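Data first, discussion second: the structure below is written as structure tokens.
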Amino acid sequence: MRHRTVRLLAGMTAAVAALALAAPAAADTTVTTGAWTPGSPTGPGGTVPVADLHQLPGGTSGSPIVVSNNPETFTGNGWLMLHSRTTSTRGGSAHALSGTFPIYLYHQNGAGSTRYLHVFVTNPNAGSVTVSASGAAYTNAQKPLTSDPAQRAGTGPCYAVADAWSRGTTSSYLSGVSVAPGQAKQITRITMNASNIADGRFEVTASAGVYVYTAVTSDGNLGTAVNLSQQDTSYAPGNIKSETATTYGREAGVYSTSGWDTQTVNAPLPPAGNHYGLAVNTTSRQIPAPDQTTPALAALADSSTRSWGNYGHHYTIRLVLQNTAATSRTARVTFGSNITGATDVPGNTWNGPIAVTDNGTTVVQTVYTRPTVPLDQLGTYTVAPGASRTLTLDFYVPGLITAGSQLLLESI
């Protein structure tokens, strides 16, 4: 794909905000014997009751992440997301990014005809900037998504994007491209037919601070997209949803971190018949203490103040199953949903791959949960007397899922 360079309109701010540093991850954690709960989980469908979940040890990690998801469904042309200035129409603020950082986007085409979704960066610096970009992006025309929740496992563009990152099969979009001062460089252009949805995750490396934009056009011309992005009133119409005291809203802007790293959880296995539940991808609105979201650094004023869904975030969970007993012990590890019910709802699912590394051997598994089937077993692992077994779970939070999951450890 060709990537054109376009000069920006006059008036582009050259201010470069400092890159936010992620808080250091916590030290290794040991699960005490007394922290395990006797018996089987008592939550619906065999889950751990939400109130009994423990915070996932570790902490937020990684660089800031740029998110474009508000409006989720656009109905016309215009810019979707920017973090280059404060606009007179949707607020926001300037926050340039350098080094390596991810971009996550999810949009639906409600315009009634083919539209082009542009992702591009601009250089507000006095000198040239070198930019590289890799990632994956798909529409449901490329990766169909079944509407039946019972059949969604491993389908759709959101799954495919997370899978590409989990398997290391992402594509190169830009490689060491020089962007002159006051110019824009397109990372990708996604063709979206009427009613298409698009999901994408990219990682950009910039030698100095750059701004990211997403915009929609009818003609597919980057110049058109850039011109729209420079006019405050030329934002794309659609279902813009703001955050309220009881709703999450949607994300558009820069959020402070892009991952969660547990460091290492040492888990001495108790006798059979005990369990331990860890909160995964939770928010303070679901469970007051185990919040795993981070604040916005430069979100549009009508968008979420925190990364409520953590879409596109990278989780790494390290478990060391230990056996201090004189006989073998076995652990069952299960990924589960905190949302359960008698009816399946398309949005109340987890549909994504998890790379499970067991003592050095990695297998990518499709993990799928929904309200009526809230648990999906990752595996059972036997540990010899006096030995240990290391499991690493590595995944990218896919789109079209609900926040609020759990990791269930059982001694069986």
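The values are calculated or read from the model by the stated rules, or taken from the named source; none is laboratory data. All values reported here derive from a predicted model rather than from experimental measurement. Here the Cβ positions follow ideal geometry from the backbone for every residue, glycine too, while neighbour counts run over all protein chains shown.
Taken together, the criteria exclude GLY360 from residues that are among the small types (Gly, Ala, Ser), out of contact with any Asp or Glu (no Cβ under 8 Å at 6 or more places or on another chain), more than 29 Å from THR390 (Cβ to Cβ) and modelled with pLDDT under 95.
Just one residue in the set SER98, SER93 is in contact (Cβ under 8 Å) with a residue 12 or more places away in the chain, of a type outside the set (Phe, Trp, Tyr), outside any strand (DSSP E or B) and crowded, with 18+ Cβ neighbours inside 10 Å; that residue is SER93.
Residue count for the stretch 259-303, restricted to those that are under 15 Å from the mean Cα position of the chain (by Cα) and farther than 22 Å from ASN338 by Cα: 2. Of all residues in the stretch 247-272, which are assigned to a loop (DSSP other than H, G, I, E, B) and under 28 Å from ALA94 (Cα atoms)? Scanning the stretch 247-272 gives THR247, TYR248, GLY249, ARG250, GLU251, SER256, THR257, SER258. Contact map, the stretch 179-199: residues that are touching a residue at least 60 places away in the same chain (Cβ under 8 Å) and on the phi > 0 side of the Ramachandran plot paired with residues that are outside any loop (DSSP other than H, G, I, E, B) and crowded, with 17+ Cβ neighbours inside 10 Å, Cβ distance under 9 Å, separation 6+ or inter-chain. Pairs shown: GLY182/THR122; SER195/GLN108; SER195/ASN109. Exactly one residue out of THR330, THR369 is over 17 Å from the mean Cα position of the chain (by Cα), part of a strand (DSSP E or B), crowded, with 24+ Cβ neighbours inside 10 Å and on the phi < 0 side of the Ramachandran plot: that is THR369. Whether a residue is surrounded by 24 or more Cβ atoms within 10 Å (Cβ to Cβ) and not charged (D, E, K, R) was assessed, and PHE120 passes this test. Take LEU319 and decide whether it is buried (at least 18 other Cβ atoms within 10 Å of the Cβ), outside any loop (DSSP other than H, G, I, E, B) and not acidic (Asp, Glu). The answer is yes for LEU319.
Scanning the stretch 358-365 for residues that are under 21 Å from the mean Cα position of the chain (by Cα) and either touching a residue at least 12 places away in the same chain (Cβ under 8 Å) or farther than 25 Å from SER61 by Cβ (or both) turns up at least one hit.
Every residue, every condition in (1) out of contact with any Ser or Thr (no Cβ under 8 Å at 6 or more places or on another chain); (2) under 15 Å from LEU80 (Cβ atoms), yes or no:
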residue	(1), (2)
GLY209	no, no
GLY223	yes, no
LEU228	no, yes
GLN231	yes, yes
GLY238	no, yes
SER242	no, no
THR246	yes, no
